There are 6 protein chains.
Amino acid sequence: MKNVLIIAPHPDDETLGVGGTVAKFIADGNNVNVLIISGHLPPLYTIEAYDKTVEEALSAFKILGIINYNFLKIPATMIGDEPIHVLNKKMNDVIEETEPDIVLTCYPDRHIDHQQIFQSVMVATRPVGAGKKIEILAAYETLSETHWNAAHIEPNFTPNWVVDITKFIDVKLQALACYKSQIPEFPGPRSLEAVEALAKFRGTQYGFAYGEAFHIIRMKS
Amino acid sequence: MKNVLIIAPHPDDETLGVGGTVAKFIADGNNVNVLIISGHLPPLYTIEAYDKTVEEALSAFKILGIINYNFLKIPATMIGDEPIHVLNKKMNDVIEETEPDIVLTCYPDRHIDHQQIFQSVMVATRPVGAGKKIEILAAYETLSETHWNAAHIEPNFTPNWVVDITKFIDVKLQALACYKSQIPEFPGPRSLEAVEALAKFRGTQYGFAYGEAFHIIRMKS
Amino acid sequence: MKNVLIIAPHPDDETLGVGGTVAKFIADGNNVNVLIISGHLPPLYTIEAYDKTVEEALSAFKILGIINYNFLKIPATMIGDEPIHVLNKKMNDVIEETEPDIVLTCYPDRHIDHQQIFQSVMVATRPVGAGKKIEILAAYETLSETHWNAAHIEPNFTPNWVVDITKFIDVKLQALACYKSQIPEFPGPRSLEAVEALAKFRGTQYGFAYGEAFHIIRMKS
Amino acid sequence: MKNVLIIAPHPDDETLGVGGTVAKFIADGNNVNVLIISGHLPPLYTIEAYDKTVEEALSAFKILGIINYNFLKIPATMIGDEPIHVLNKKMNDVIEETEPDIVLTCYPDRHIDHQQIFQSVMVATRPVGAGKKIEILAAYETLSETHWNAAHIEPNFTPNWVVDITKFIDVKLQALACYKSQIPEFPGPRSLEAVEALAKFRGTQYGFAYGEAFHIIRMKS
Amino acid sequence: MKNVLIIAPHPDDETLGVGGTVAKFIADGNNVNVLIISGHLPPLYTIEAYDKTVEEALSAFKILGIINYNFLKIPATMIGDEPIHVLNKKMNDVIEETEPDIVLTCYPDRHIDHQQIFQSVMVATRPVGAGKKIEILAAYETLSETHWNAAHIEPNFTPNWVVDITKFIDVKLQALACYKSQIPEFPGPRSLEAVEALAKFRGTQYGFAYGEAFHIIRMKS
Amino acid sequence: MKNVLIIAPHPDDETLGVGGTVAKFIADGNNVNVLIISGHLPPLYTIEAYDKTVEEALSAFKILGIINYNFLKIPATMIGDEPIHVLNKKMNDVIEETEPDIVLTCYPDRHIDHQQIFQSVMVATRPVGAGKKIEILAAYETLSETHWNAAHIEPNFTPNWVVDITKFIDVKLQALACYKSQIPEFPGPRSLEAVEALAKFRGTQYGFAYGEAFHIIRMKS
């Protein structure tokens, strides 16, 4: 049994990026924790907007089997407004409490929150202290953010790890469908059809029907 | 009206990689030439195997509307066996004859033929002589080859140009279905489902329903 | 006729980076908008210093044929001092108002303003909403900033698009000469001689006499 | 129990690159196969020179616990002299026979044999056919070759996986000491002291005392 | 005689990163200045903690022969809290006062202070004004920070310059031993054993016994 | 006094790439050797064509002050036709005979000869044996080859070293003018005007009037 920590910038990223892998980890008897850092909070959004996404998240969590989760509630795009050491401290506390063997985080991409969270995760998962126990640190891709990094200027996602989610693609899509406020109709860039297509593309290039792709940053054994 | 030259290592690459774009270019009244460099020829394959793929190619060409094509018939994996200047000469002759405005070629990937053809195309399309007329030189992706380059060691495909093929995805898939000897069942890495999924992924991340992706190497205007 | 949006961090960048291309676009009957984000403003500079550069800019615009422009007047090096979402909002408003087909922006280079503006442009030009209409998003090079990025650590400019400005090199140099307060004598890194040399280098390597070079980030068709 | 395949260009690379990991895999009850591709053979070397290295290899294998091995005996620097499909066929046969879960190969570096073997391994381990079973494909570093790639031109080794070999560093160094004809005195670039130093550097940066570092190319689960 | 400027984020980085090179430069009669930017200062640390490291630094400086140094005393992780132009101004003043021929700075790595200082150094060393005199600008590596950058996402250190410190490895390790509050026991990532191992690895791969490695950013002659 | 070895694929590359640096090295009293590897020889060219370029080379050498040179006379584009170890042996012999402190070689670019020579130089200059004495190994740029590498796929030249050739630009251009059979009129990509423009661009971005740019691969001191 492994402790798995999923770090999601906003509610829906955990399902969009790693929903199938989470369902698989849980089905295999592992202990999964989900940490949601930010969200559509005041002052840029209403608290109702935020509460709506939390409600949708709880429905999605139920479908995926997630029972351990935590919402840090930092307003979206304002992560950089508090001192770096404050976010780093919160991230570090989570690592110390959950003692993860596997950490899956967002890729540093088009969304400024993703970049700042990525930096903070990299600090908190250094192979010292609580970080020493981590066996795999990897970044997942987020449709409609990761592939909007500037080609050949900013880092461009190329996977070196794909998880077979063939048995969990249906569960993933059901969970994602809970996020009514976030998921657009096809051909929206994070529509259910786009999500399914990415899973099929990643899967078939690795020998599966459906897969979720990762960039392994650090693995130890 | 533009002259468009498609360079395909083997029969089926032209449909797999750029079938939708070709159909669109033709529908828009452009002049498209397809150059097939190699194929499953003796001594590694039987001539019957090769003839079968040519027959399939001609069916696919019909569906896509391709009427100008040329088969160089160099045996697969043996492109490097003849002196470099011989392949370069053939490639150069094609550029001089077809005077392309747009050249679409394979990406230098897992298949050794793709690497050697890429090198030769890069020589033939230098912005001198006949090459001066070329407005766009770009490389397309080939499922089950391009994404098998070693992650973070060999070049990894990141597109900077996507063509909207929403109106031509059906034609592309019909043409591809002609290659019965080459196209496996799902979840094969170049199955019709995988091809459709890639088109949906590329398209939705650029604002379309379906797209074909390219890496622009050189554009002038 | 295309709508073209030029995003310049400070007055003179638009002429230095894309003066020839702008003159060519206008000569070809396109609609060009220039957005100047920042400038030598108080508290680090006097308002007189800023007004001087605006006056020079207006002279340069006249020579290039620019009639649509906008000065956002954010003090230089202080772009990061206001919340990210504020700059992003301003940038987004400009995209919505001007509905550009082509966006040409600065490369993320040695100048901190260039980096922050680049990030903001990348957000505003995402292929959703008003961004969906954009056909080409590309970054230009700025002498004495772009080539001062740390070699092999920070992104290093390599062009994949060059515009033939042979007929407009004279106009470009005349416009640039208006910026008396900004353009040093040879061998200054953004002297007229250096600018002409870069144009000759970029042009001759693409088959022209003089050219302006770009890094295409995203193109769709 | 996993099947592990180690691909070594020449006798000593297996010990130099992955001796500690091999000893650990064997100690943990896994099945390890070592494939030695080339060697100091005629015409560039005498057969006695080659036999000497094989004798040394067998002593080293004994210490590491290797009982399954295979010497392909292709003369050093002449791997490119036979047709590509011949080496590819041999490599493919080995994959089909050994059915590996884990493949550890050389990095494409300064030695031309390493580059050509790397290419061939990449073909043989594609996620189709026998390759579908492979869970991890990774490249190890070889002192005095890998770090002689041209900085920032050729691929430069950066690990994303380190194996803790603290308990096996002594065994590794003993095995390496068997290669009297290959291992120079300190400060030779592949001296025992250099090898131990690299293990200490890689280990301490990952939270261990001694480690062996890898570049994961493809992992699936 | 050359003027050499060493830029260290915190006390101990100068010894850890370039202690041997500093001792060698001084032994060869050059003029070395050390600039320590930050440190373990309030509010995150006590002033006693900081004073302790300064005391240790002075002992280390004595051993290395450093007599010219300057502590800017900006609290650790808070470098980004003051406006960019303030740090840039301080950095620029130091360049103007010390007129360096050679500048050795930290690599932009896992520690946020290193990233921000690197940016500021890049601005202050531009080849204009006082920066014009600089012959070599290079970045050194810092154990337990530099190698914790995300593999293949953030810049990964690959040296293109190694200084032979064989005669100065003992002095370096003695000086480093002064930092009792900072240097952990083996296998700590910046233990004396790890530092010695890195020097041995870098040295032997360049033809020396011990070396310190650099990434040359800009050299002129 | 330093021993400097210039490795040029074909006659004219030494002047085009490093003519100013060579003249400067000689003026400063260093010992410069020029090694010309290949040339326009039969069977692809007539011997008269080759003799013409040698004659032009000798005139250019006279102007630059080169008195030590060697023509290996391997037919152009056929360097790969002889076994790798043969070219490597020749290259190694030259390194042993000339005992260079500084080696300046071509960049691995569009011309296949440049790629193969680069590989061979990298082997011959390894920091062992005669290679141990080398202090600087760097690659120069060659107009109309280096900048024709595929953008963001193949290595793209970014300099980290520029030599001030302000006093030698006239001599360089005079020497280059000797190659009447090779140097086209403006705007030809290696016309005198293009060469001068590149020197002005490289120089002004480093604080000079005219410069020649290099990519340092390995430096030791």
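Would you check if there is a residue in the stretch A:183-193 being over 15 Å from the mean Cα position of the chain (by Cα) and open to solvent by less than 20 Å² (accessible area, probe 1.4 Å)?
Step one: list which residues in the stretch A:183-193 are over 15 Å from the mean Cα position of the chain (by Cα), which gives A:183-189, A:191-193.
Cutting the leftovers down to open to solvent by less than 20 Å² (accessible area, probe 1.4 Å) gives us A:188, A:191.
Looking through the stretch A:183-193, at least one residue is over 15 Å from the mean Cα position of the chain (by Cα) and open to solvent by less than 20 Å² (accessible area, probe 1.4 Å).
With respect to the conditions (1) touching an Asp or Glu at 6+ places or on another chain (Cβ under 8 Å); (2) modelled with pLDDT of 90 or more; (3) surrounded by fewer than 19 Cβ atoms within 10 Å (Cβ to Cβ); (4) not basic (Lys, Arg), D:PRO83 falls short on a single one, namely (2).
Taking first residues from the stretch A:80-105 that are within 13 Å of chain E (Cβ to nearest Cβ) and partners that are of a type in the set (Val, Ile, Thr), the Cβ contacts under 6 Å between residues at least 6 apart in sequence or on separate chains come to A:ILE84/E:THR77; A:ILE84/E:ILE112; A:HIS85/E:THR77; A:ASN88/A:VAL123; A:VAL103/A:THR125; A:VAL103/A:ILE134; A:THR105/A:ILE7; A:THR105/A:VAL121.
When you check E:VAL163 against the structure, is it touching a Leu at 6+ places or on another chain (Cβ under 8 Å) and either closer than 24 Å to E:ASP28 by Cα or not β-branched (Val, Ile, Thr) (or both), yes or no?
On the way: touching a Leu at 6+ places or on another chain (Cβ under 8 Å): no; either closer than 24 Å to E:ASP28 by Cα or not β-branched (Val, Ile, Thr) (or both): yes.
Considered against the rule, which asks whether it is touching a Leu at 6+ places or on another chain (Cβ under 8 Å) and either closer than 24 Å to E:ASP28 by Cα or not β-branched (Val, Ile, Thr) (or both), E:VAL163 comes out as no.
Of the residues that sit in the stretch D:162-199 and are part of a loop (DSSP other than H, G, I, E, B) and among the polar types (S, T, N, Q), which one is farthest from the other protein chains (Cβ to nearest Cβ)?
Initial filter on the stretch D:162-199 (part of a loop (DSSP other than H, G, I, E, B)): D:165, D:178-191.
Imposing the further condition that a residue be among the polar types (S, T, N, Q) reduces the set to D:181-182, D:191.
Working: D:SER181: 16, D:GLN182: 13, D:SER191: 7 Å.
Only one residue tops the list, namely D:SER181.
Residues in the stretch C:86-113 that are out of contact with any His (no Cβ under 8 Å at 6 or more places or on another chain), under 19 Å from C:THR15 (Cα atoms) and either among the hydrophobic types (A, V, I, L, M, F, W, C) or at pLDDT below 95 (or both): C:ILE102, C:VAL103, C:LEU104, C:ARG110, C:HIS111. Report whether or not A:ARG202 is surrounded by fewer than 22 Cβ atoms within 10 Å (Cβ to Cβ), within 14 Å of chain B (Cβ to nearest Cβ) and touching a residue at least 24 places away in the same chain (Cβ under 8 Å). No, not satisfied.
In this structure, does D:LEU137 turn out to be over 30 Å from A:TYR210 (Cβ atoms) and either among the aliphatic types (A, V, I, L, M) or within 11 Å of chain E (Cβ to nearest Cβ) (or both)? Before you say what the answer is, go through the steps one by one.
Working: over 30 Å from A:TYR210 (Cβ atoms): no; either among the aliphatic types (A, V, I, L, M) or within 11 Å of chain E (Cβ to nearest Cβ) (or both): yes.
The answer is no for D:LEU137.
May I ask you to say which residue of C:THR204, C:THR166, C:THR158 is over 20 Å from B:LYS133 (Cβ atoms) and at pLDDT 95 or above?
On the way: C:THR204 fails: over 20 Å from B:LYS133 (Cβ atoms); C:THR166 fails: over 20 Å from B:LYS133 (Cβ atoms).
The conditions single out C:THR158.
Does A:LYS180 fit the bill of being over 24 Å from A:ASP101 (Cα atoms) and open to solvent by 20 Å² or more (accessible area, probe 1.4 Å)? Against the criterion (over 24 Å from A:ASP101 (Cα atoms) and open to solvent by 20 Å² or more (accessible area, probe 1.4 Å)), A:LYS180 qualifies. Does C:ALA209 qualify as being within 7 Å of chain F (Cβ to nearest Cβ) and not in a helix (DSSP H, G or I)? Here the answer is yes, as C:ALA209 does meet what is asked. Look at the stretch C:23-34: where a residue is among the polar types (S, T, N, Q) and a partner is open to solvent by 50 Å² or more (accessible area, probe 1.4 Å), sitting 6+ places away or on another chain with Cβ atoms under 8 Å, you get C:ASN30/C:MET1; C:ASN30/C:LYS2; C:ASN31/C:MET1; C:ASN31/C:LYS2; C:ASN31/C:ASN68; C:ASN33/C:ASN68; C:ASN33/C:TYR69; C:ASN33/C:ASN70. From the list D:LYS62, D:LYS52, D:LYS89, the one residue that fits, being open to solvent by 10 Å² or more (accessible area, probe 1.4 Å) and under 24 Å from D:VAL123 (Cβ atoms), is D:LYS89. How many residues does the stretch F:165-177 contain that are open to solvent by 40 Å² or more (accessible area, probe 1.4 Å) and touching a Phe, Trp or Tyr at 6+ places or on another chain (Cβ under 7 Å)? Adding up the residues that qualify gives 1. The residue list C:VAL128, C:VAL121, C:VAL162, C:VAL103 contains one member that is surrounded by fewer than 22 Cβ atoms within 10 Å (Cβ to Cβ) and among the β-branched types (Val, Ile, Thr), which is C:VAL128. Restricting attention to the stretch A:37-79, the residues being of a type in the set (Ser, Thr, Tyr), within 22 Å of A:MET91 (Cβ to Cβ) and either within 14 Å of another protein chain (Cβ to nearest Cβ) or touching a residue at least 60 places away in the same chain (Cβ under 8 Å) (or both) number 3. Consider the stretch B:139-155 and keep the residues that are aliphatic (A, V, I, L, M) and part of a loop (DSSP other than H, G, I, E, B). The one that is most open to solvent (accessible area, probe 1.4 Å) is B:ILE153.
The values are calculated or read from the model by the stated rules, or taken from the named source; none is laboratory data. Predicted, not measured: the structure shown is a model, and the values here were computed from it. Counting neighbours? That spans all protein chains shown, and the Cβs are built from the backbone with ideal geometry, glycine included. Side chains are part of the model used for accessible areas, which takes the heavy atoms of the whole protein and leaves out ligands, DNA and RNA. Shrake-Rupley method; radii C 1.70, N 1.55, O 1.52, S 1.80 Å.
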